[in-house]
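Notes follow once the structure below has been shown.
No lab work stands behind these numbers, since they all come straight from the coordinates. The model shown is predicted, which means the values in this text are computed figures rather than measured ones. Neighbour counts run over all protein chains shown; Cβ positions are idealised from the backbone, glycine included.
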Amino acid sequence: MLPSCRFAVLHCLALAALSCSMGCGGVYDSTVSGVVSLGGAPLSSGAVAFIPDAGGPTAYAQIDSSGRYDVFTGKEPGLPSGSYTVTVVARKPPATERSKLGGPPPPGEALTPGWYGEQQSTPLKYTVEPGSNEINIELSTAPPPGWKPPGGGRR
């Protein structure tokens, strides 16, 4: 290798190492974690979505068996700081492993009230600050003011 090429390669490697040592943190400026509970008891499964009010990608989290969640945007931990509308959906495990026709099983019975699963009806609104955020989400079985069941509430 020519000395000038060797110098250029070493220079590029040094710059790459320096840039990583100065701030190879995550892609996003905020992280969010917490516990999701319903009526005071932690949920043991489910999903949380943080939908940015200003637009942009939605961040998601899986609820673990102790009710804890950690938010990711795509495969990256964290999310941008800002205002978010939050949805939560949790279901019991399916009653069967397969549908009657051999396909995937039907979803299990809902554990969380329906208004928490839709962006338009969820009352959950949070501001995510730069840095680490602990947001514990307490769900209630009492509907939010003005909530109407899908289909106009008829049976």
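Which of rounded, prolate, oblate describes segment 26-136, given a ≥ b ≥ c as roots of the alpha-carbon gyration tensor eigenvalues and a/c under 1.5 marking rounded, otherwise prolate only if a/b is larger than b/c?
prolate
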For segment 77-155: rounded, prolate or oblate by the Cα gyration tensor [a/c cutoff 1.5]: oblate
Label-point separation in nm, Ala142 to Ala95, each point 7 Å along Cα→Cβ: 3.2 nm
Highest-first arrangement of 84-90, 130-136, where packing means the average Cβ count within 10 Å: 84-90, 130-136
Distant-in-sequence amide H partners of Gly34 (H built 1.01 Å from N, under 5 Å): Tyr69, Ile135
Surrounding net charge for Pro106, when Lys and Arg each add one and Asp and Glu each subtract one, Cβ distance under 12 Å: +2
Under 16 Å from the Cα of Lys100 - aspartates and glutamates, other chains or at least 8 residues apart: none
